[in-house]
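Structure record follows, encoded as structure tokens.
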Amino acid sequence: MARSAKEALAVEKMDVVADMGYYDGQEVKACLEEGIIPYIPKANTSANRKRGLLTKEDFRYDAQRDRYLCPAGETLNFRFQTVELGREIRYYATRACQRCALKAKCTRNKSGRRITRWVDEHLLEAMQARVRAQPEKVGLRKCLAEHPFGTIKHGMNQGYFLMRGLPKVRAEMALTALAYRPRSLTAQPQASDEDPGSAQDGRSPRLGGGFSPIRQVGLPLSFKTSRVLEFVG
């Protein structure tokens with residue numbers, strides 16, 4: 001998706017912002033290789049945190065010595081490397097867990113705590129540093145990207161597609177986008193007393209609730225795909 005945007009804009013480098021659902025290390029690496037700088041917040045999905053245990057974020061990585069330092073001051077050194085789900089993963093561990101006072105708060109593993117690290121995890125760490133340094137980028141994405149989806153789904157009553165089949169759905173989405181743009185340009189910040197889209201008829205004064213471009217232009221549900229595409233064109 002980011003590569004397609006870069007090609008459409010005809011630029012050498014660009015920044016892209018996405019929500020947590022797009023957080024994927026291999027995709028981040030692919031973006032960087034294409035000259036695309038991603039800004040994606042990391043979701044906290046650690047099972048240990050839900051259990052009240054220390055998480056990986058509580059351990060500090062020493063890049064120069066390739067080791068982790070735990071909250072108790074012990075060192076987790078590199079043990080072995082393997083491939084998991086197509087990614088090269090490095091394992092770090094220590095023998096100090098057996099005598100550690102924090103073990104009950106750290107791990108349930110009888111053998112002690114292990115930390116895993118993707119070989120390219122430094123790319124993700126650098127990205128999180130960018131996100132923390134420029135939080136306004138993530139906030140701007142919410143303003144620009146979330147609002148159209150909310151308007152289309154709720155204000156225009158397009159929470160689901162009326163058509164079936166990918167070509168028809170694409171045509172319906174094209175009509176929706178076509179209808180959204182002029183409506184967003186002409187929408188008023190607040191409703192006036194004369195605004196017909198008020199609580200009197202149950203519609204949103206700003207967005208004109210209940211709007212569906214296919215219903216609006218009178219297209220039946222069985223409308224042929226070619227005719228829809230012809231209409232969009």
Please list 3J(HN,Hα) in residue order for the stretch 158-163, calculated via the Karplus relation 6.51 cos²θ - 1.76 cosθ + 1.60 where θ = phi - 60°; whole Hz, with x for glycine and proline.
10, x, 8, 8, 7, 8
Using eta = 0.692 mPa s and T = 37 °C, Stokes-Einstein with Kirkwood Rh from Cα pairs puts D for the stretch 2-43, in µm² s⁻¹, at 314 µm²/s
Based on the alpha carbons, how large is the Rg to Rh ratio for the stretch 47-124 when Rh follows Kirkwood?
0.95
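Filter the cross-link list Lys6/Lys137; Lys50/Lys153; Lys50/Lys105 down to pairs whose alpha-carbon distance in this structure exceeds 24 Å.
Long pairs (Cα-Cα over 24 Å): Lys50/Lys153.
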Mind checking the full-extension length gain between Phe161 and Thr82? Use 0.36 nm per residue of separation minus the Cα-Cα distance, one decimal, nm.
24.0 nm
Residues whose modelled amide H sits under 5 Å from the amide H of Val16, counting only those 5 or more places away in sequence or on another chain, are Ile37, Tyr39
Suppose R0 equals 45 Å; then what is the FRET efficiency for Ala145 and Ala96 from their Cβ-Cβ distance, rounded to the nearest 0.05?
0.45
Phi to ³J(HN,Hα) by Karplus 6.51 cos²θ - 1.76 cosθ + 1.60 over the stretch 80-97, Hz, x for Gly, Pro:
7, 10, 9, 10, 10, 6, x, 10, 7, 10, 9, 10, 10, 7, 9, 8, 7, 4
Output the peptides 6-13, 67-74, 158-165 sorted from most to least packed, where packing is the average of other Cβ atoms within 10 Å over each peptide's residues.
67-74, 158-165, 6-13
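Each reported figure results from applying straightforward, stated rules to the coordinates on display, with no laboratory input. Computed from a prediction, not measured in an experiment: that's the story for all the values here. Backbone-built Cβ (ideal geometry, glycine too); neighbour counts: all protein chains shown.
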